[in-house]
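Participant: Below are the structure tokens for one structure; questions will follow.
The values are calculated or read from the model by the stated rules, or taken from the named source; none is laboratory data. Worth saying up front: this structure is predicted, and the values here are computed from it rather than measured. Note: ideal-geometry Cβ built from the backbone for every residue, glycine included; neighbour counts use all protein chains shown.
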Amino acid sequence: AQTVTQSQPEMSVQEAETVTLSCTYDTSENNYYLFWYKQPPSRQMILVIRQEAYKQQNATENRFSVNFQKAAKSFSLKISDSQLGDTAMYFCAFMKGNSGGSNYKLTFGKGTLLTVNP
Amino acid sequence: DSGVTQTPKHLITATGQRVTLRCSPRSGDLSVYWYQQSLDQGLQFLIHYYNGEERAKGNILERFSAQQFPDLHSELNLSSLELGDSALYFCASSVGSGGARTGELFFGEGSRLTVL
């Protein structure tokens with residue numbers, strides 16, 4: 001079974017600064033996907049960024065980027081130029097790759113509550 | 001707006017009662033997933049349906065059941081409710097057969113269940 005660990009229950013950062021959220025995972029799979037989801041106070045889960053395990057290049061989406069270290073099973077999220085709207089709970093998630101089936105079950109970490117201060 | 005619709009948004013009921021949560025997936029999505037989010041357990045996968053068939057079960061109690069109908073909407077039935085069932089229940093949908101963004105799930109806003 002897969003496990004996802006987020007060791008930082010809470011973090012805070014000043015507006016415009018950079019913050020990194022940590023995530024480690026445990027799996028015996030070789031083909032998988034990793035995600036960061038954001039849950040703002042509105043509570044809807046929003047995909048921030050995704051990474052395919054077979055890709056060595058780290059994914060980036062505007063101000064969001066990841067540091068994917070496959071051997072270390074580490075998947076951290078870096079938020080640059082933090083904005084007040086980034087205040088949310090951030091969840092790291094793991095999904096097994098599949099060979100054409102349709103099972104996209106996510107295993108989530110416990111989350112990190114990020115507060116961006118003005 | 002993710003395109004996934006969940007009703008009701010909030011529900012308050014008593015122990016021992018039964019409730020039904022409803023989910024309409026994004027247009028064209030064949031897969032529906034149910035997740036439970038509670039303070040102590042975090043986000044837990046409950047069950048997955050694909051095109052009307054159950055595909056995977058997670059930590060779903062026997063008091064809970066789900067189904068996906070021919071029009072692809074899904075219902076999660078929770079019975080003999082206990083205080084510990086109070087949680088946010090999310091539905092998510094996906095294309096289900098690969099595509100340009102394989103593996104992306106689209107979440108609804110959740111149904112907040114409070115059991116008193």
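Participant: Given (1) within 21 Å of B:Ala56 (Cβ to Cβ); (2) at pLDDT 90 or above; (3) within 11 Å of chain B (Cβ to nearest Cβ); (4) not in a strand (DSSP E or B), identify the lone condition not met by A:Tyr104.
Facilitator: Going through the list (1) within 21 Å of B:Ala56 (Cβ to Cβ); (2) at pLDDT 90 or above; (3) within 11 Å of chain B (Cβ to nearest Cβ); (4) not in a strand (DSSP E or B), A:Tyr104 breaks only (2).
Participant: Let me ask another. List the number of the failed condition for A:Ser65; all other conditions in (1) more than 24 Å from A:Ala1 (Cβ to Cβ); (2) among the small types (Gly, Ala, Ser); (3) surrounded by fewer than 16 Cβ atoms within 10 Å (Cβ to Cβ) hold.
Facilitator: Going through (1) more than 24 Å from A:Ala1 (Cβ to Cβ); (2) among the small types (Gly, Ala, Ser); (3) surrounded by fewer than 16 Cβ atoms within 10 Å (Cβ to Cβ) one by one, A:Ser65 breaks only (3).
Participant: Would you confirm, using the coordinates I've provided, whether B:Asp71 is assigned to a loop (DSSP other than H, G, I, E, B), more than 17 Å from A:Phe108 (Cα to Cα) and either within 13 Å of chain A (Cβ to nearest Cβ) or touching a Phe, Trp or Tyr at 6+ places or on another chain (Cβ under 7 Å) (or both)?
Facilitator: So B:Asp71 does not fit the description; no.
Participant: Restricting attention to segment B:41-48, does a residue exist that is out of contact with any Pro (no Cβ under 8 Å at 6 or more places or on another chain), at pLDDT below 90 and not in a strand (DSSP E or B)? Give the steps one after another, and end with the answer.
Facilitator: Within segment B:41-48, the first condition is being out of contact with any Pro (no Cβ under 8 Å at 6 or more places or on another chain), and the residues that meet it are B:41-48.
Of the ones still in play, those that are also at pLDDT below 90 are B:41-42.
If we keep only those that are not in a strand (DSSP E or B) as well, we get B:41.
For segment B:41-48, residues out of contact with any Pro (no Cβ under 8 Å at 6 or more places or on another chain), at pLDDT below 90 and not in a strand (DSSP E or B): present.
Participant: Regarding segment A:50-73, can at least one residue be identified that is in contact (Cβ under 8 Å) with a residue 40 or more places away in the chain, of a type outside the set (Gly, Ala, Ser), closer than 30 Å to A:Glu15 by Cβ and within 14 Å of another protein chain (Cβ to nearest Cβ)?
Facilitator: No, segment A:50-73 has no match at all.
Participant: Quick test for you: out of B:Ser111, B:Ser94, B:Ser86, pick the one residue that is under 11 Å from the mean Cα position of the chain (by Cα) and buried (at least 16 other Cβ atoms within 10 Å of the Cβ).
Facilitator: On the way: B:Ser94 fails: under 11 Å from the mean Cα position of the chain (by Cα); B:Ser86 fails: under 11 Å from the mean Cα position of the chain (by Cα).
Selected residue: B:Ser111, the only one of B:Ser111, B:Ser94, B:Ser86 that is under 11 Å from the mean Cα position of the chain (by Cα) and buried (at least 16 other Cβ atoms within 10 Å of the Cβ).
Participant: Collect the residues in segment A:19-39 that are under 20 Å from A:Met89 (Cβ atoms) and either in contact with a helix residue (DSSP H, G or I) (Cβ under 8 Å, 6 or more places away or on another chain) or buried (at least 17 other Cβ atoms within 10 Å of the Cβ) (or both), keeping them in residue-number order.
Facilitator: Of all residues in segment A:19-39, those under 20 Å from A:Met89 (Cβ atoms) come to A:19-25, A:34-39.
Across segment A:19-39, the qualifying residues are A:Val19, A:Leu21, A:Ser22, A:Cys23, A:Thr24, A:Tyr25, A:Leu34, A:Phe35, A:Trp36, A:Tyr37, A:Lys38, A:Gln39.
Each row is one residue, and each column tells you yes or no for (1) surrounded by 19 or more Cβ atoms within 10 Å (Cβ to Cβ); (2) in contact (Cβ under 8 Å) with a residue 24 or more places away in the chain.
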site	(1), (2)
B:Arg22	no, yes
B:Trp34	yes, yes
B:Tyr49	yes, yes
B:Glu53	no, no
B:Asn59	no, no
B:Asp71	no, no
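Participant: Go through segment B:9-37 and give me each residue that's more than 15 Å from B:Phe69 (Cα to Cα), within 14 Å of chain A (Cβ to nearest Cβ) and outside any strand (DSSP E or B).
Facilitator: At the first step, the residues of segment B:9-37 found to be more than 15 Å from B:Phe69 (Cα to Cα) are B:9-19, B:35-37.
Keeping just the survivors that are within 14 Å of chain A (Cβ to nearest Cβ) gives B:9-10, B:35-37.
If the condition is that a residue be more than 15 Å from B:Phe69 (Cα to Cα), within 14 Å of chain A (Cβ to nearest Cβ) and outside any strand (DSSP E or B), then B:Lys9 is the only one that fits.
Participant: Taking segment A:26-49, which residues are of a type in the set (S, T, N, Q), closer than 18 Å to A:Gly111 by Cα and without any contact (Cβ under 8 Å) to a residue 12 or more places away in the chain?
Facilitator: Within segment A:26-49, the first condition is being of a type in the set (S, T, N, Q), and the residues that meet it are A:27-28, A:30-31, A:39, A:42, A:44.
From what's left, closer than 18 Å to A:Gly111 by Cα: A:39, A:42, A:44.
A:Ser42, A:Gln44, listed by residue number.
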